Amino acid sequence: MIPIPTRRWLVGAALLSVLAPLALVLPWAVGLLPALDLVWVAALLMDWLGTARPRALAVTREAPAAFGVGRAATVRYRWRQSGRRPLTLEVREALPAPLGGAETPTRRLRVPPGEGVDERLELVPIRRGAGSGGTLAIRALGRLGLAWRQEALTLPWSATVYPTVPDTALRALPLQVARRREAGLRAIRRPGEGRLFEGLREWVPGDETRVIDWKATARRGKPIARQYEDERRQQVLLMVDAGRLLTAEVNGVPRLEAVIVAALQLARAAVEHDDNVGLMVFADVVQRYVAPARGRRGLRAVLEGLAHAEGRLAESDYPAAFRYLAARNRKRALTVLFTDVVDRTASDALVAHAASLRPRHLPLAVTLRDPALEALAARRPGSAADAFERAAAEELLGARDGALAEMRGRGVMVLDVPPASAGEAVVARYHGLKRRGML
């Protein structure tokens, strides 16, 4: 390592350079000025050598267990040093990428000897995802203020930033919580679809013979029937298409982010209704699968999966994704596929495999409209180029509508919404399906 001059030392060096022309008129200055330069350089080296090494510092970090996009969080540092004089430090840290990465300001702090100092750093995560970091570039100021001694200190850190649901979405969407739970209790399955065993009772004339438990009948010497209760807990499975179509941006934000927020809102609504909720994220490969589970455990698993969802500039492999799903989830579920379509030809695989979910599952495709394309198709052209752009936009929207109509014709429910309102719309549709008992 080499010494890093401070502003004080550079100002002194500049003054010495200003005095250099004196050697032209004062002969005695010819030997004096180089000597002063050597003394000034020697002072820099001595100040650097006398500075404590930053590696000798003891640093600890206390970070929150979880971060949310756009929500400020405080990270605490504890600095200690065993020297005899206070240390002035400049610190620059390579944070995990979702927390800002290397684009962080330089922090300056003074660490007294012995007891040390506590530092609080407020961070606002800039995006969802996981990352690692923790390398600290530390400069310690010399006693004379002429030199910085710089070294790198490794303090490993892995942080995950979770998607955040807007505060307005946490309210009851079209009803209050009590009425939603009431609706959920009424939305029971139709007879014969997944009844739950409750117990045994004596068979009485008028009961169906198919409910007789013959083993219990043989043990007790009289007809015994199985008693069932209607199953109120259904399954909601979220399928997030993280392929090329959802990597396009709307107002600088990938549409995949709107999908993740909407999926999280739907997961919360399903948990409030005591339904099981699961997740599958896929693109050209299946990135993550979370088996349906109930309550907070299921919601935490879905939240973890959504935090690590990664958009990829690749064509989604729908046949492989639906085969993967069929092999792991055989129980009837409301399968909500967050995706988009281009035209009937390009979306044949998506339409065919989404329709294959019926009749075992109840498929719902949530597609995101493109506000920029719709605005272009509705804009009055002012030139020939504008007219061609509008015609192309209208053709794209027409092909897209044809693909959605094909999907509806094959029995797949379709919810085509703008990205900004996807969450509220899909939760409202879920509530409607619960009230109608379609799950």
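The values are calculated or read from the model by the stated rules, or taken from the named source; none is laboratory data. Computed from a prediction, not measured in an experiment: that's the story for all the values here. Quick reminder, even Gly has a Cβ in these numbers, built from the backbone with ideal geometry, and neighbours come from all protein chains shown. Just so you know, the surface numbers come from the protein's heavy atoms only, side chains and all, with ligands and any DNA or RNA stripped out. Shrake-Rupley method; radii C 1.70, N 1.55, O 1.52, S 1.80 Å.
Annotation: Ala377 fulfils all but one of (1) part of a helix (DSSP H, G or I); (2) open to solvent by 50 Å² or more (accessible area, probe 1.4 Å); the unmet one is (2).
Each row is one residue, and each column tells you yes or no for (1) open to solvent by 50 Å² or more (accessible area, probe 1.4 Å); (2) touching a residue at least 12 places away in the same chain (Cβ under 8 Å); (3) touching a Leu at 6+ places or on another chain (Cβ under 8 Å); (4) within 21 Å of Leu245 (Cβ to Cβ).
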residue	(1), (2), (3), (4)
Val366	no, yes, yes, yes
Pro371	yes, yes, no, yes
Gly382	yes, no, no, no
Ala385	yes, no, no, no
Phe388	yes, no, no, no
Leu397	no, yes, yes, yes
Leu404	no, yes, no, yes
Arg410	yes, yes, no, yes
Pro418	no, yes, yes, yes
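Note on the stretch 315-350: residues that are assigned to a helix (DSSP H, G or I), at pLDDT below 90 and buried (at least 17 other Cβ atoms within 10 Å of the Cβ) total 1. The test for being modelled with pLDDT under 85, open to solvent by 20 Å² or more (accessible area, probe 1.4 Å) and not aliphatic (A, V, I, L, M) holds for Gly31.
The set of residues from the stretch 39-62 being open to solvent by less than 50 Å² (accessible area, probe 1.4 Å), within 12 Å of Gly142 (Cβ to Cβ) and not in a loop (DSSP other than H, G, I, E, B) comprises Ala43, Leu44, Asp47, Trp48.
Among residues of the stretch 1-24 that are within 25 Å of Ala52 (Cβ to Cβ) and of a type in the set (Phe, Trp, Tyr), those with a Cβ under 9 angstrom from a residue that is in a helix (DSSP H, G or I) and open to solvent by less than 90 Å² (accessible area, probe 1.4 Å), sequence gap 6+ or separate chain, pair up as Trp9/Trp40; Trp9/Ala43; Trp9/Leu44; Trp9/Asp47.
What are the residues in the stretch 63-84 that are open to solvent by less than 60 Å² (accessible area, probe 1.4 Å) and of a type in the set (D, E, K, R), if any?
Narrowing the stretch 63-84 to residues open to solvent by less than 60 Å² (accessible area, probe 1.4 Å): 63-64, 66-70, 73-75, 77-79, 81, 83.
Residue satisfying the conditions is Arg78 alone.
Evaluation of Arg296 against the conditions (1) outside any strand (DSSP E or B); (2) in contact with a Gly (Cβ under 7 Å, 6 or more places away or on another chain); (3) among the charged types (D, E, K, R) shows that the sole unmet condition is (2).
The residues listed here are Thr154, Thr135; of these, the one that is surrounded by 14 or more Cβ atoms within 10 Å (Cβ to Cβ), of a type in the set (S, T, N, Q) and in a strand (DSSP E or B) is Thr135.
With respect to the conditions (1) of a type outside the set (S, T, N, Q); (2) in a strand (DSSP E or B); (3) surrounded by 14 or more Cβ atoms within 10 Å (Cβ to Cβ), Glu122 lacks only one, and its number is (3).
The selection criterion, being outside any strand (DSSP E or B) and not hydrophobic (A, V, I, L, M, F, W, C), holds for Gly114.
I'd like to know if the stretch 382-403 contains one or more residues that are in contact with a strand residue (DSSP E or B) (Cβ under 8 Å, 6 or more places away or on another chain) and in a helix (DSSP H, G or I). Within the stretch 382-403, none of the residues are in contact with a strand residue (DSSP E or B) (Cβ under 8 Å, 6 or more places away or on another chain) and in a helix (DSSP H, G or I). With respect to the conditions (1) touching a residue at least 60 places away in the same chain (Cβ under 8 Å); (2) buried (at least 19 other Cβ atoms within 10 Å of the Cβ), Arg312 lacks only one, and its number is (2).
Give the residues of the stretch 230-257 that are of a type outside the set (S, T, N, Q) and open to solvent by 80 Å² or more (accessible area, probe 1.4 Å), sorted by residue number. Scanning the stretch 230-257 gives Arg232, Arg244, Glu249.
Based on this model, can you work out whether Trp148 counts as of a type in the set (Phe, Trp, Tyr) and either open to solvent by 30 Å² or more (accessible area, probe 1.4 Å) or at pLDDT below 90 (or both)? Judged against the criteria, Trp148 is not a match.
Let's see how each residue does on (1) within 23 Å of the chain's Cα centre (by Cα); (2) within 23 Å of Val253 (Cα to Cα); (3) of a type in the set (Ser, Thr, Tyr):
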site	(1), (2), (3)
Met280	yes, yes, no
Gly298	yes, no, no
Glu304	yes, yes, no
Ala309	yes, yes, no
Ala320	no, no, no
Asp343	no, no, no
Asp348	no, no, no
Asp370	yes, yes, no
Ala391	no, no, no
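Residue check: Ala225 meets all listed conditions (1) within 15 Å of Leu337 (Cβ to Cβ); (2) touching a Lys or Arg at 6+ places or on another chain (Cβ under 8 Å); (3) in a strand (DSSP E or B) but one, namely (1).
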